[in-house]
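Okay, so here's the structure we're looking at.
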Amino acid sequence: MDDLTTTPGIVALAAGGLALVALVWIIVLSVKLRRLRAGQRTVLGDAERDLVAHAAALQEAFVQLRDWVEETAARLEGRMAAAEDRIDSCVAYTSVVRYDAWGEASGHQSSLLDPHRSGVVVSSILHRDQARVYVKQVREGESELALSPEEQEAIETAMAEAAPARPAAQRTP
């Protein structure tokens, strides 16, 4: 015991204490390193590559994904433009005007127009013994043939409202 109270003994005790602290520190760092490597194995898998190579591979995958999304969006824009062009030429506005031309025959004027006011006006006159149907082409709101007041009313009624479904207008001469 006398050796521990001397200068070399105190230095030996201090060195032993320092060695004990270093050993505890090594154990703590070893546990932290194992946890870090387990986390890396979770992220990287069992492949033998480092974190930088994995990050570079992820960056390349994201660039490829972005390029694919941009290419797909461009194709979709083209398809959408083509669909909009087709829709522009579809029937968008309709109307029906009914009238009683002779008191016993029933007449109907229907207009079917696209957004450019082009389409057809269909006129029908129904009688007990016969039925007649007339169709006149309309381009941009005008017909090459003269339109009756009822046919003109059918066009104006169709274009007056944007909604395709409308109640029929009743009219008696």
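The values are calculated or read from the model by the stated rules, or taken from the named source; none is laboratory data. Every value quoted in this text rests on a predicted model; they were computed, and no experiment measured them. Using ideal geometry, Cβ is built from the backbone for each residue, glycine included, and neighbour counts are taken over all protein chains shown.
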ask   = Of the numbered conditions (1) among the hydrophobic types (A, V, I, L, M, F, W, C); (2) modelled with pLDDT of 80 or more; (3) in a strand (DSSP E or B), ALA154 satisfies every one except a single condition; which is it?
value = (3)
query = Here are THR94, THR72: which of them is surrounded by 10 or more Cβ atoms within 10 Å (Cβ to Cβ), over 30 Å from GLU156 (Cβ atoms), polar (S, T, N, Q) and under 31 Å from the mean Cα position of the chain (by Cα)?
reply = THR72
inquiry  = As an exercise: evaluate GLN109 against (1) surrounded by fewer than 14 Cβ atoms within 10 Å (Cβ to Cβ); (2) at pLDDT below 80; (3) among the polar types (S, T, N, Q) and give the number of the one condition it does not meet.
reply    = (1)
Elements of type strands (runs of 3 or more DSSP E) contained in segment 13-131, each with 3 or more residues being touching a residue at least 60 places away in the same chain (Cβ under 8 Å) = 93-99
